[in-house]
Amino acid sequence: METDNTIKILMVDDEVKFLKAISDRLNLKGFEVTTATNGDDAIDAASKGGFDVAVVDLQMPGTDGAQVLKILKQNHKFIEIIMLTGHATVDSAVECTKLGAFKYLEKPYDFDKLVEALKEAFQARLTHKFESNMNRMAAIQKLSLQQSPLGLLREMARLDDGRK
């Protein structure tokens, strides 16, 4: 059971000085920040789990931000992702939104707006997770009335397979 209220953030940007500056400021605000300077490192860090929100730069060499967004959303059901880019276009904003981005912010960024977006994304994550858990509990309750104990265990395993 998660009892720590610290919001765990994965910051992804290929501009190392920018990444250090923003993560230092977020750490001072009480966030727990892990950084990655490219998409592959971000995907690897996320696979180790535990992030509530990822803030991802759109344009990076190699695996770009849109690819990172798509992979993180596929592999981590409850992570929320904020795109932060200096190369904003309507097309990229639409694409990122379709891929599941929570917000799309432009650089230069307003730090207070970023902090607010992080808090909103965290709240959305908690709400999504709560609703999923309630639906799961309702499904288990319904199954328990219809299944043998072994059948119930099989169905619970099937339900858990969908909960990345």
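Please treat every number below as a calculation from the coordinates, not as lab data. Just so we're clear, the structure is a prediction, and the values are computed from it rather than from any experiment. In this analysis, Cβ positions are derived from the backbone assuming ideal geometry, glycine residues included, and neighbour counts consider all displayed protein chains.
In terms of surrounding Cβ atoms within a 10 Å radius of their Cβ, 25, 125 rank from fewest to most as 25, 125. As a proxy for reagent exposure, 23, 148 were ordered by neighbouring Cβ count within 10 angstrom, fewest first; the result is 148, 23.
As a rough guide to protection, the peptides 45-51, 10-16 ranked by mean Cβ packing within 10 Å, highest first, stand as 10-16, 45-51. Taking all Cα pairs closer than 8 Å and separated by 6 or more residues, the relative contact order of the chain comes to 17 percent. With distances taken between every two different alpha-carbon atoms, the range 32-164 has a Kirkwood hydrodynamic radius of 16.4 Å.
Amide H contacts of residue 84 (H built 1.01 Å from N, in plane; Pro and chain starts excluded): 56, 57, 58, 105 sit under 5 Å, all sequence-distant by 5 or more or on other chains. Each residue of the range 97-102 is assigned a 3J(HN,Hα), and the resulting list reads 5, 4, 7, x, 5, 6 Hz, derived from the Karplus form 6.51 cos²θ - 1.76 cosθ + 1.60 (θ = phi - 60°), x at Gly and Pro.
Computed log10 I(q)/I(0) for the range 43-88 at 0.34 Å⁻¹: -1.38, from the Debye equation with unit scatterers placed on every C-alpha and solvent omitted.
I'd like the distance separating the alpha-carbon centroids of the range 24-74 and the range 75-120, in whole Å. Spelled out, the Cα-based centre of one part sits 12 Å from the other.
The string of couplings for the range 70-80 from the Karplus curve (6.51, -1.76, 1.60, θ = phi - 60°) is 4, 5, 5, 5, 5, 9, 9, 3, 9, 6, 9 Hz, one whole number per residue in order, with x for Gly and Pro. Based on alpha-carbon atoms, the Kirkwood radius and the radius of gyration of the range 102-147 give Rg/Rh equal to 1.36.
If R0 equals 25 Å, the separation of the Cβ atoms of residue 88 and residue 120 corresponds to a calculated FRET efficiency of about 0.85.
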